[in-house]
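The values are calculated or read from the model by the stated rules, or taken from the named source; none is laboratory data. This structure is a prediction, so every number in the text was calculated from the model and none was measured. Ideal geometry is used to build each Cβ from the backbone, glycine not excepted, and the neighbour counts take in all protein chains shown.
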Amino acid sequence: MEEKNAAGVVVKTYTIGDDVVTQSTSAGVRHLLYDGHGSTRQLVDTSEDITAAYSYDAYGVMLGGNPGTPQNPGSPATNLLYAGEQFDTNLQMYYNRARYYDQNTGRFNRIDPFPGNTEDPQSLHKYLYAHANPVNNTDPSGLLILSLVIKYAVYAALIVAIMPHAIRALSAAKQLIELTGLTNLVRSLANRGVIQFEVAESIRSEAFDTFTGILGTIGESLVMIAREVAVFYGYNMLFAAVTQAAMGGIKVGVHLRRNAKIITKLGGEAIENHHLVFTSSIKEGIKNERTWSLTRRLHRLRGTGLHSRIAHSRFAYLQPGGNRTMKGILKMGKQRWLDELGKCYKWLETKNAAYKGIYKAYKKAVVDIGGASGLISP
């Protein structure tokens, strides 16, 4: 990095590592040595000889060394002094980005643009430097002490880290609600004699197995959330904010894909039973959305199952959703709707092996209801 004068001539060149490592001027290369506070204490040349030394009080008042003064600016060895910040020899203050800091008063030169945090009263002071604790804090931005920046970054990293697990748990909880609706509807149909109790119990058994898997998913997600919280409070790593942000999207995708496998398993194993209950529902004349609630709950579970695939395909017009009702859909004609549905199921078989056999189940359902004439308009 280069520093130029008003004429555009390069007067200093800096080598940047974790901080400024060296500076090069007409006098040669100088290595900057810092103390634990980040303040420059010595300059060393390539022969390892000390060419300049500085000391400061807690607020940065120079106790030893000569950075230059307005009356005799001379040619200061370096401008990077207290807390590693740039010292303006004309203003006799430090440039801390948002504001200049006056080390002689321990205050900034103008009001703080950051409104502060009501839970941290010291941050409400409009001129105070480093919460009046410059030994333990620095304020390189002129807005927040560095420890707060790290704290907020760690909180942000923690949120990003637990978000995939929280999404996974919420998704699984939503599936539990859908499965509850499924089992209640199946039980209702069985109690009314629409389907046999053996069939109802078979479907409910499959649903129970899926219940178990989803509960395991929720439990695992909660454990992972607890683990992430423990890790972040244990290690407090700032760089995790970046790495977790990069991994967050990947984890969300992986978890949703895993949940999709659970749903696909239920849909794949229960296609025959699904269409038997679906057929019975149509024969029974269950109205409007109720006719299709079982279909959605068994295959879709909102977001990753069969009916979600249909909803995002060219066959979306065949199922209710949004402003589409079954009554409006069947205006195309019952036979045409059945034919289009058959094309949809054939397409599903070619696109996803998990749904192999669904077209056969569809044809059986059509025969069971007696074709288009067996469809009862909502």
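Quick test for you: out of Thr78, Thr118, Thr89, pick the one residue that is modelled with pLDDT under 95, of a type in the set (Val, Ile, Thr) and closer than 22 Å to Ile16 by Cβ. Before the answer, list the steps.
Numbers: Thr118 fails: closer than 22 Å to Ile16 by Cβ; Thr89 fails: closer than 22 Å to Ile16 by Cβ.
Only one candidate passes the filter, namely Thr78.
Tell me the residue from Arg336, Arg309, Arg296 that is assigned to a helix (DSSP H, G or I), at pLDDT 75 or above and basic (Lys, Arg), please. First the steps, then the outcome.
Values: Arg309 fails: at pLDDT 75 or above; Arg296 fails: at pLDDT 75 or above.
Within the list Arg336, Arg309, Arg296, the selection yields Arg336.
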Problem set entry | Residue selected from the range 115-157 under the condition outside any helix (DSSP H, G or I) and β-branched (Val, Ile, Thr), by the criterion surrounded by the most Cβ atoms within 10 Å (Cβ to Cβ) | Ile145
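Residues in the range 33-52: is at least one within 21 Å of Ala132 (Cβ to Cβ) and loosely packed, with under 15 Cβ neighbours inside 10 Å?
Pass one, the range 33-52, residues within 21 Å of Ala132 (Cβ to Cβ): 35-39.
Restricting the remaining residues to those that are loosely packed, with under 15 Cβ neighbours inside 10 Å gives 35-36.
So far as the range 33-52 goes, yes, one or more of its residues are within 21 Å of Ala132 (Cβ to Cβ) and loosely packed, with under 15 Cβ neighbours inside 10 Å.
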Exercise. Counting only residues that are more than 15 Å from Pro67 (Cβ to Cβ) and polar (S, T, N, Q), which one in the range 6-42 is nearest to the chain's Cα centre (by Cα)?
Worked result: Thr15
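For every residue, the table says whether it meets (1) outside the structural domain of Gly38 (by TED's automatic domain parsing); (2) touching a Cys at 6+ places or on another chain (Cβ under 8 Å); (3) not polar (S, T, N, Q).
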| residue | (1), (2), (3) |
| --- | --- |
| Ile111 | no, no, yes |
| Asp120 | no, no, yes |
| Ser123 | no, no, no |
| Leu128 | no, no, yes |
| Ala156 | yes, no, yes |
Problem set entry | Scan of the range 3-43 for residues that are more than 24 Å from Tyr59 (Cα to Cα), among the hydrophobic types (A, V, I, L, M, F, W, C) and part of a strand (DSSP E or B), ordered by number | Val10, Val11, Ile16, Val29
Problem set entry | Residue that is modelled with the lowest pLDDT, among those in the range 153-204 that are within 16 Å of Ser221 (Cβ to Cβ) and of a type in the set (D, E, K, R) | Lys174
Problem set entry | Matching option when the condition is surrounded by 14 or more Cβ atoms within 10 Å (Cβ to Cβ) and in contact (Cβ under 8 Å) with a residue 40 or more places away in the chain, among Asn109, Asn96, Asn104 | Asn96
Exercise. Exactly one of (1) more than 26 Å from Thr22 (Cβ to Cβ); (2) in the same structural domain as Asp19 (by TED's automatic domain parsing) is unmet by Tyr95. Its number?
Worked result: (1)
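Every residue, every condition in (1) in contact with a Lys or Arg (Cβ under 9 Å, 6 or more places away or on another chain); (2) outside any loop (DSSP other than H, G, I, E, B); (3) surrounded by fewer than 18 Cβ atoms within 10 Å (Cβ to Cβ), yes or no:
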position	(1), (2), (3)
Ala77	yes, no, no
Ile159	no, yes, yes
Met163	yes, yes, no
Ala169	no, yes, no
